[in-house]
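The values are calculated or read from the model by the stated rules, or taken from the named source; none is laboratory data. Model, not experiment: these values are computed from the prediction. A quick note on method: Cβ atoms are made from the backbone with ideal geometry, for glycine too, and the neighbour counts reach across all protein chains shown. Remember, those area values only see protein heavy atoms, side chains included, never the ligands or the DNA or RNA. Shrake-Rupley method; radii C 1.70, N 1.55, O 1.52, S 1.80 Å.
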Amino acid sequence: MSAGKKSADTIFALSSGAVPAAIAIVRLTGPAVRFALETIAGSLPSPRVATLAKLRHPRDGSVLDEAVVLFFPGPASVTGEDVGELHLHGGRAVVAGVLAALEELTGLRAAEAGEFTRRGFENGRLDLTGIEGLADLLQAETDAQRRQALRQYGGEARAIYDEWRRRIIAMRAEIEANLDFADEEDVPDDIGEDVGAKAAALADEIDRHLADGRRGERLRLGVEVAVMGPPNAGKSSLLNALAHRDVAIVTEEAGTTRDVIEVAMDLGGFPVTIADTAGVRDTEGRVEKEGIRRALARGREADLVLWVWDGSGPMPEVPADISASGATIWLVRNKVDLIDSDAEQTTSDVFDLSVSEGTGLGALTDALEGFASDACGRGESVLITRARHRENLVACRDGLRRVSVAESGMLEVTAEELRSAGDAIGRIAGKIGVEDLLDVVFSEFCIGK
């Protein structure tokens, strides 16, 4: 079905989550909303006035439920179209009966995932950054994630991108005027001469946002922590202790952990995923070798590696590819309760633990919370929350840099670079060339949103 055909339909869906529940909200949007409400509720309520009505089946007039009915005329609605809401009793039979009745009405069909929000985008009620912020808000698991998503959904990013795009368009207009109307008396002789300086200033501004340590992406996706080390160092016990539940199997047998086991945590409002990995050692076993390969791969991708070893022996060397990966590495000496009190003490850059006795766990947890806070920017506002934002900003910045160093006579080249830079910003907000992205973005939404 084409996009145009879909937009001509009136769609409906349960928008309030799983039933049974105290209240279930069925939402409708599209050109036949007025007809649907008049048919099933008996009359069209006054705009934005909650009205109690008996809902009746359109075929035989049987009562389906007594519900609160709301009507929001377009374009002043969340989708830009006429929108209706039925606030039902939240039983499974009630909701199923109302949805089945709506399906019998001409021009109505069940909504697809994200279709309400997509219509809001198509009708100019939301830009793509706002839609992504809404998706992040629905999936937020920590307070910091919620705050970041709300800022983006509320238009904070959109305002900045719109201002940058406006400045690029203004620069391009100066160049186009110089190209097309240089001989006109009312066109100043020096028009376009300061475009290079303006482009450099905007490139510097974008650079400051790009140099954010990817804090927005980290906050949205979570900080990745890999627990690594030799077998029987207590890695799985440490994961269980940090998670406060038995996530990983713990035995005396070396090599028990074969695959990556992970747990998502909320540390001080910041999302952290801690992964227990297979013990790193030389082995001939094919299964254990695969586990070690996965462990090393996870360590290379992590933001932080906890290198754990049994403190009763010397610390094994951290694998070279982990040391060179760019991940932060913390040394964790476990089982300190088994160490002779006269043994050599570790330095201050090593965490001493006894997972079995709980010694040192509080200090490590506090340090992890601090690391997550720093990695996510301590909750301050950041502009870039997704890889595609960063990629388009880099393309825009690079184009502006080329404009800033272009020779004065290369007006056509300058105009083209500015057009490309403006298009890159436009792609972030969804103003140009994003059709191939829409299905991916809206697949993150549930039915009814």
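Is one or more of the residues making up the range 9-16 crowded, with 21+ Cβ neighbours inside 10 Å, more than 13 Å from Thr106 (Cα to Cα), of a type in the set (A, V, I, L, M) and modelled with pLDDT of 90 or more?
Yes: one or more hits.
Among the residues of this structure, Ala199 counts as one that is surrounded by 18 or more Cβ atoms within 10 Å (Cβ to Cβ) and modelled with pLDDT of 90 or more.
Residue-level analysis places Val308 among those that are in contact (Cβ under 8 Å) with a residue 40 or more places away in the chain and among the aliphatic types (A, V, I, L, M).
Restricting Ala157, Ala149, Ala113 to those that are within 27 Å of the chain's Cα centre (by Cα), at pLDDT below 90 and closer than 30 Å to Thr273 by Cα reduces the list to Ala113.
For the range 123-180, a residue qualifies if it is free of Cβ contacts under 8 Å to residues at least 60 places away in the same chain and more than 29 Å from Ala76 (Cα to Cα), and the qualifying residues are Arg167, Ala170, Ala173, Glu174, Ala177, Asp180.
Of all the residues in the range 304-338, those that are polar (S, T, N, Q) and in a strand (DSSP E or B) number 2.
Quick grid of which residues meet (1) touching a helix residue (DSSP H, G or I) at 6+ places or on another chain (Cβ under 6 Å); (2) in a helix (DSSP H, G or I); (3) at pLDDT 90 or above:
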site: Gln345; (1), (2), (3): no, no, no
site: Ser348; (1), (2), (3): no, no, no
site: Ala363; (1), (2), (3): no, yes, yes
site: Ala367; (1), (2), (3): no, yes, yes
site: Val382; (1), (2), (3): yes, no, no
site: Arg390; (1), (2), (3): no, yes, yes
site: Arg397; (1), (2), (3): yes, yes, yes
site: Leu400; (1), (2), (3): yes, yes, yes
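Do the conditions hold for Thr39, that is, is it at pLDDT below 95, of a type in the set (S, T, N, Q), more than 30 Å from His389 (Cα to Cα) and open to solvent by 20 Å² or more (accessible area, probe 1.4 Å)? Judged against the criteria, Thr39 is not a match.
If the condition is being of a type in the set (Lys, Arg) and open to solvent by less than 50 Å² (accessible area, probe 1.4 Å), then the range 375-387 contributes only Arg386. Among all residues of the range 418-426, there is none that is of a type in the set (Gly, Ala, Ser), at pLDDT below 85, closer than 27 Å to Gly213 by Cβ and surrounded by 14 or more Cβ atoms within 10 Å (Cβ to Cβ).
Okay, residues lined up against (1) open to solvent by less than 10 Å² (accessible area, probe 1.4 Å); (2) in contact with a Lys or Arg (Cβ under 8 Å, 6 or more places away or on another chain); (3) among the small types (Gly, Ala, Ser):
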| residue | (1), (2), (3) |
| --- | --- |
| Gly358 | no, no, yes |
| His389 | yes, no, no |
| Asn392 | no, yes, no |
| Arg397 | no, no, no |
| Glu407 | no, no, no |
| Glu412 | no, no, no |
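Among the candidates Asp374, Asp352, Asp303, single out the residue that is in contact with a Phe, Trp or Tyr (Cβ under 9 Å, 6 or more places away or on another chain), at negative phi and of a type in the set (Asp, Glu). Of the residues listed, the single one that is in contact with a Phe, Trp or Tyr (Cβ under 9 Å, 6 or more places away or on another chain), at negative phi and of a type in the set (Asp, Glu) is Asp303.
Within the range 214-239, if we keep just the residues that are in a loop (DSSP other than H, G, I, E, B) and open to solvent by 50 Å² or more (accessible area, probe 1.4 Å), the residue that is farthest from Arg165 (Cα to Cα) turns out to be Asn232. Does the range 42-66 hold any residues that are open to solvent by 80 Å² or more (accessible area, probe 1.4 Å), closer than 17 Å to Glu103 by Cβ and acidic (Asp, Glu), and which are they? Answer for the range 42-66, where residues must be open to solvent by 80 Å² or more (accessible area, probe 1.4 Å), closer than 17 Å to Glu103 by Cβ and acidic (Asp, Glu): just Asp60.
The number of residues in the range 206-252 being out of contact with any helix residue (DSSP H, G or I) (no Cβ under 8 Å at 6 or more places or on another chain) and closer than 30 Å to Ala173 by Cβ comes to 2. Checking each residue in the range 17-36 for being open to solvent by less than 40 Å² (accessible area, probe 1.4 Å), modelled with pLDDT of 95 or more and in a loop (DSSP other than H, G, I, E, B) picks out Gly30, Ala32. Can you tell me which residue in the range 276-301 is surrounded by the most Cβ atoms within 10 Å (Cβ to Cβ), limited to those that are among the acidic types (Asp, Glu), out of contact with any Leu (no Cβ under 8 Å at 6 or more places or on another chain) and touching a residue at least 24 places away in the same chain (Cβ under 8 Å)? The extreme case among them is Glu288.
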